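Beneath this line is the structure, given in structure tokens, with notes to follow.
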Amino acid sequence: MTKEIPSQYNPAQTEEKWYAYWLEHKLFKSVPDKREPYTIVIPPPNVTGILHMGHMLNNTIQDILIRRARMLGKNACWVPGTDHASIATESKVVTKLRGEGIEKQDIGREKFLDHAWEWTHKHGGIILEQLKKMGASCDWDRTVFTMDEKLSASVIKVFIDLHKKGLIYRGVRMVNWDPSAKTAVSDEEVNYKEVQSKLYYVRYQFEGEGNYITIATTRPETILGDTAICVHPEDDRFKQFKGKNIIVPLVNRIIPLIEDEYVDREFGTGALKITPAHDINDYEIGQKHNLKIIDIFNEDGTLNEAAEILIGKDRFEARTLIVEMLEKEGHIVKIEDYVNKVGYSERTDAAIEPKLSMQWFLKMANIVKPALDNVLDDTIVFHPAKFKNIYKHWMENVRDWNISRQLWWGHQIPAYYLPNSNEFVVAETIEEAVELAKQKTGNQNLKATDLKQDADVLDTWFSSWLWPISVFDGINNPDNEDINYYYPTNDLVTGHDIIFFWIARMIMSGYEYRGKFPFKNVYFTGMVRDGQGRKMSKQLGNSPDPLELIKEYGADGVRVGMLLCSPAGGDLLFDNKLPEQGRNFGNKIWNASRLIFQWETDATIPQPEYARIAINWFENKLSQTVQNIDKQFNEYRISEALMTVYKFFWDEFSSWYLELVKPAYQHPIDKKTYDKTIEFLDQSLRLLHPFMPFITEEIWQSIEERKDGESISYASLPKAGQIDEKLLLAFENKKEVISSIRKVKSEKNIPQREEVILKIKSNPKDYNSDLDAVIKKLAGVKQIEIVDEKVNGAINFIVSAVEYYVPLGDLVNKDEEISKLEKELEYTRGFIDSVMKKLGNERFVQSAPANVVALEQKKKAEAESKILAIEEQLVALKS
């Protein structure tokens with residue numbers, strides 16, 4: 001006996017013990033050396049976020065890849081970190097302060113940022129501690145935050161560089177405005193939802209006459225900002241009104257009737273109200289026709305003084321009130337139900353307001369080219385490849401990136417405005433800005449207090465797009481040891497929902513600043529959904545807490561459960577049965593190991609023939625499994641790799657190999673077989689370790705005395721050797737024979753321990769008896785005979801065209817068996833009659849799909865064979 005382990009596995013105790021051990025011995029630490037590097041950078045979660053099921057899936061896959069790389073002898077480096085999440089974090093801090101009776105504007109930027117840092121230090125990094133609970137083997141010494149000094153300096157340097165290259169510009173553009181966060185957001189941060197709206201038909205009177213023109217709108221509140229009505233130049237319905245002016249209802253503003261081919265004559269009434277300040281298409285028409293721009297909304301979505309009425313009212317409240325006013329004055333023609341798509345902020349879920357605003361933009365036309373080309377030619381490989389088409393479509397239709405946000409938390413834009421001017425200089429520091437301002441103006445008396453820095457911050461994605469470079473300080477120090485060794489990284493594991501936000505932009509920055517891709521492979525995880533296919537969310541209450549799942553099922557159980565049905569890019573329908581299955585698998589591994597550890601060995605016992613065969617077979621099976629797993633990992637079929645090792649341990653190792661070599665009750669096992677079994681257990685644990693790090697470490701440490709600091713984390717993965725395919729095929733054949741004998745015993749109520757005789761109808765020259773010892777041990781067969789004719793009074797079965805007979809003799813009650821077989825014969829004849837009716841129906845045969853007809857024919861053939869076999873058994877029993 002090697003070592004006693006407890007009868008039950010205790011995940012909580014084991015996980016705490018071994019994670020502390022790994023950290024104590026710095027087993028996840030990586031520094032550049034002569035080994036091949038393998039690098040993953042974590043998709044940085046929000047600094048104040050907490051672990052959810054999506055994180056659990058994503059980081060489990062990353063950990064599997066990084067642990068496997070270590071065991072392959074690579075210098076594995078997994079860089080952890082968090083994102084400052086401008087909008088989300090600022091929103092939380094604003095809410096907290098408001099609860100204390102403090103408004104952001106009242107305390108000013110500096111004090112607000114003090115509160116933001118305090119909030120970040122208090123709540124930040126919790127998610128990283130939670131990742132440790134699921135076994136994440138990150139190099140924690142490398143933990144970074146997008147607002148760290150070095151990363152912040154990287155962001156500012158890149159802004160200045162791109163501005164010098166003429167790629168960053170400032171201008172008034174129609175942007176997606178989030179009235180809740182009071183900031184612009186990019187096109188990619190807008191989620192469009194179908195909503196049940198109303199289509200309001202409103203009539204406008206022509207100036208100086210009694211005629212009216214009717215428009216249709218879903219947003220009657222924006223009537224207050226109308227500066228024209230537009231019709232199609234070829235629409236005959238409006239020819240008589242050409243060149244006339246129109247009165248805007250409620251505010252009595254005089255506006256022109258204009259013509260433009262943009263108008264869809266089929267929509268609504270064919271007449272379109274133009275509100276240049278609040279619709280992108282209206283804005284473009286307004287620019288073309290030199291229309292006045294009237295912005296009627298404040299930053300928070302309330303009406304401002306330009307609206308003239310309902311000043312201070314929220315836009316949605318104003319809509320209701322304006323409809324009432326229009327109805328009262330007779331301007332409403334009709335109101336229809338209408339389904340349309342409305343944009344909502346991804347961050348706050350507020351309805352987006354198109355708004356003209358002075359913003360900073362990054363030109364995308366040229367910077368996207370290498371990022372597109374190198375994905376299309378598979379220099380960077382997407383897994384699954386279907387996401388290339390989505391990526392291509394977006395990259396070919398990309399618009400300039402709005403990189404400014406009207407927030408205080410984040411990287412403040414390094415543009416400094418000259419006194420009483422919209423002119424500015426761009427610089428890393430205020431001191432440098434002063435010198436540049438002196439050069440620009442010729443005024444040598446300028447001081448830092450004379451300049452005013454742009455109040456906006458940069459889009460959070462403008463820092464995270466540099467992530468694979470900035471975590472290694474590759475912007476500030478482009479030739480440092482880390483960046484030269486670890487970049488480009490190997491694999492990125494992420495959700496497909498941020499393919500544009502983050503993945504595409506990282507590829508752009510990689511080629512812009514390193515001249516090379518940031519990662520070789522992108523593995524897309526699917527969405528974690530509940531059993532009904534709904535996205536998990538707090539609102540629906542359908543998202544379990546991963547930490548509670550870990551408490552109940554153990555970290556290894558949850559990891560396995562998450563991956564059992566989670567192919568790359570495919571959504572995971574989560575059910576608690578999945579981690580339960582993972583936990584049960586852990587118990588199987590534990591019990592199999594405990595069984596082996598309990599065996600007594602005897603060096604004087606010779607190795608049985610069945611054990612010699614078992615070892616030879618299992619060595620080949622192990623090689624075949626390793627070969628399959630290697631292929632699956634190379635193709636990023638990680639879920640399939642888990643299933644391969646799952647079946648290998650549960651079926652091949654536990655159900656077949658251990659059953660074959662297991663000594664008789666209270667008997668010892670020969671040492672040669674035991675040593676080989678321990679070796680196989682060790683090899684199996686290594687294959688399992690990337691998926692189930694805790695239980696494998698616990699058992700591996702129990703196999704033999706280990707040195708302090710030694711860990712399965714650095715044990716080499718098994719390598720595939722030569723594979724004897726004939727042996728594996730022959731063994732599979734014998735498995736079928738064994739299963740058939742067990743089935744015969746079970747059906748005939750013969751105890752499995754009862755030994756039987758097996759007769760095989762075959763030519764002695766053709767039969768290979770090499771594996772007979774396996775059949776005898778596992779099927780309870782005391783004697784195997786080769787015969788040349790059928791055996792009367794025996795149950796027969798066929799495996800691979802060879803007939804096998806198990807003489808029953810006195811092992812069964814003949815009368816009971818005859819009665820049972822006659823009932824089965826009657827049922828099978830009835831079944832074949834129903835099949836023959838179908839096949840005899842000419843209409844069915846001609847109209848049914850070929851595969852359906854083929855299935856019925858197969859049923860007929862199988863039933864006929866079964867009838868023949870039953871009839872033969874009955875003859876044998878009655879003779």
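A few notes on this one:
Residue-by-condition table, conditions (1) under 21 Å from Glu755 (Cβ atoms); (2) among the basic types (Lys, Arg); (3) not in a helix (DSSP H, G or I):
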{"position": "Ile784", "(1), (2), (3)": "yes, no, yes"}
{"position": "Val791", "(1), (2), (3)": "yes, no, yes"}
{"position": "Phe797", "(1), (2), (3)": "yes, no, yes"}
{"position": "Val806", "(1), (2), (3)": "yes, no, yes"}
{"position": "Lys823", "(1), (2), (3)": "no, yes, no"}
{"position": "Tyr827", "(1), (2), (3)": "no, no, no"}
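- Of all residues in segment 38-53, those satisfying the criterion of being outside any loop (DSSP other than H, G, I, E, B) and either open to solvent by 30 Å² or more (accessible area, probe 1.4 Å) or of a type in the set (Val, Ile, Thr) (or both) are Thr39, Ile40, Val41, Asn46.
- Among the conditions (1) open to solvent by less than 10 Å² (accessible area, probe 1.4 Å); (2) among the aromatic types (Phe, Trp, Tyr); (3) farther than 30 Å from Ile367 by Cβ, the only one that Trp177 does not satisfy is (3).
- Looking only at segment 215-250, and only at residues there that are of a type in the set (S, T, N, Q) and at pLDDT below 95, the one that is least open to solvent (accessible area, probe 1.4 Å): Thr217
- Inspection of segment 788-806 identifies at least one residue that is open to solvent by 80 Å² or more (accessible area, probe 1.4 Å) and hydroxyl-bearing (Ser, Thr, Tyr).
- Each residue in segment 603-626 was checked for being open to solvent by 50 Å² or more (accessible area, probe 1.4 Å) and either under 26 Å from the mean Cα position of the chain (by Cα) or of a type in the set (D, E, K, R) (or both), and 3 of them qualify.
- Flag for Phe680 being surrounded by 14 or more Cβ atoms within 10 Å (Cβ to Cβ), of a type in the set (Phe, Trp, Tyr), in a loop (DSSP other than H, G, I, E, B) and touching a residue at least 24 places away in the same chain (Cβ under 8 Å): no
- Evaluated against (1) in contact with a strand residue (DSSP E or B) (Cβ under 7 Å, 6 or more places away or on another chain); (2) outside any helix (DSSP H, G or I), Asn733 falls short on exactly one condition, (2).
- Taken over segment 273-295, residues that are in a loop (DSSP other than H, G, I, E, B) and under 42 Å from the mean Cα position of the chain (by Cα) amount to 6.
- Segment 308-366, residues that are touching a helix residue (DSSP H, G or I) at 6+ places or on another chain (Cβ under 6 Å), outside any loop (DSSP other than H, G, I, E, B) and not basic (Lys, Arg): Ala318, Ile322, Val323, Ile332, Pro354
- Among the numbered conditions (1) surrounded by fewer than 23 Cβ atoms within 10 Å (Cβ to Cβ); (2) outside any helix (DSSP H, G or I), the only one that Pro690 does not meet is (1).
- Taken over segment 92-114, the criterion of being surrounded by fewer than 19 Cβ atoms within 10 Å (Cβ to Cβ), farther than 16 Å from Asp148 by Cα and not basic (Lys, Arg) is satisfied by Thr95, Gly99, Glu100, Gly101, Ile102, Glu103, Gln105, Asp106, Ile107, Gly108, Glu110.
- Cβ-Cβ distances below 8 Å connect the following pairs, each with a first residue in segment 93-120 that is more than 16 Å from Ala455 (Cβ to Cβ) and aromatic (Phe, Trp, Tyr), a second residue that is open to solvent by less than 80 Å² (accessible area, probe 1.4 Å) and modelled with pLDDT under 90, and a separation of six or more residues or different chains: Trp119/Thr48.
- Residue in segment 477-484 that is surrounded by 17 or more Cβ atoms within 10 Å (Cβ to Cβ) and farther than 18 Å from Asp187 by Cα present: yes
- Residues satisfying the stated conditions in segment 728-765, i.e. among the aliphatic types (A, V, I, L, M) and either in contact (Cβ under 8 Å) with a residue 60 or more places away in the chain or over 23 Å from Asp651 (Cα atoms) (or both): Leu728, Val737, Ile741, Val744, Ile750, Val756, Ile757, Leu758, Ile760
- Check on Lys369, more than 30 Å from Leu492 (Cα to Cα), loosely packed, with under 15 Cβ neighbours inside 10 Å and out of contact with any helix residue (DSSP H, G or I) (no Cβ under 8 Å at 6 or more places or on another chain): no
- Of all positions in segment 4-24, none carries a residue that is modelled with pLDDT under 90, open to solvent by 60 Å² or more (accessible area, probe 1.4 Å), closer than 23 Å to Thr525 by Cα and of a type outside the set (A, V, I, L, M).
- Exactly one residue out of Arg70, Arg35 is in contact with a strand residue (DSSP E or B) (Cβ under 7 Å, 6 or more places away or on another chain), more than 30 Å from Thr348 (Cα to Cα) and surrounded by fewer than 23 Cβ atoms within 10 Å (Cβ to Cβ): that is Arg35.
- Residue within segment 573-583 that is of a type in the set (S, T, N, Q) and open to solvent by 20 Å² or more (accessible area, probe 1.4 Å) present: yes
- Any hit, segment 854-866, residues being in contact (Cβ under 8 Å) with a residue 60 or more places away in the chain and surrounded by 14 or more Cβ atoms within 10 Å (Cβ to Cβ): no
- Residue count for segment 235-270, restricted to those that are closer than 30 Å to Leu310 by Cα, touching a helix residue (DSSP H, G or I) at 6+ places or on another chain (Cβ under 9 Å) and basic (Lys, Arg): 1.
- Qualifying residue in segment 729-745 (condition: in contact with a Lys or Arg (Cβ under 7 Å, 6 or more places away or on another chain), under 25 Å from Ala592 (Cα atoms) and not polar (S, T, N, Q)): no
- Where helices (runs of 4 or more DSSP H) fall wholly inside segment 439-558, the ranges with 2 or more residues that are in contact with a Phe, Trp or Tyr (Cβ under 7 Å, 6 or more places away or on another chain) are 461-464, 467-470, 481-486, 505-513.
- Taking the criterion of being touching a strand residue (DSSP E or B) at 6+ places or on another chain (Cβ under 8 Å) and closer than 20 Å to Ala861 by Cα, the residues of segment 782-834 that qualify are Asn796, Phe797, Ile798, Val802, Glu803.
Listed here are the residues, each with its yes/no results for (1) open to solvent by 60 Å² or more (accessible area, probe 1.4 Å); (2) in a loop (DSSP other than H, G, I, E, B).
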{"site": "Ala720", "(1), (2)": "no, yes"}
{"site": "Lys726", "(1), (2)": "yes, no"}
{"site": "Leu729", "(1), (2)": "yes, no"}
{"site": "Ile750", "(1), (2)": "no, yes"}
{"site": "Ser769", "(1), (2)": "yes, yes"}
{"site": "Leu778", "(1), (2)": "no, no"}
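- Inspection of segment 522-534 identifies at least one residue that is touching a residue at least 12 places away in the same chain (Cβ under 8 Å), among the polar types (S, T, N, Q) and in contact with a Leu (Cβ under 8 Å, 6 or more places away or on another chain).
- Selected residue [in contact (Cβ under 8 Å) with a residue 12 or more places away in the chain and either over 30 Å from Arg405 (Cα atoms) or touching a strand residue (DSSP E or B) at 6+ places or on another chain (Cβ under 7 Å) (or both)] from Ala318, Ala306: Ala318
The values are calculated or read from the model by the stated rules, or taken from the named source; none is laboratory data. Predicted, not measured: the structure shown is a model, and the values here were computed from it. Neighbour counts are summed over all protein chains in view; Cβ atoms, including those assigned to glycine, are modelled from backbone coordinates with ideal geometry. The area values use the complete protein model at the heavy-atom level, side chains included, leaving out ligands, DNA and RNA. Shrake-Rupley method; radii C 1.70, N 1.55, O 1.52, S 1.80 Å.
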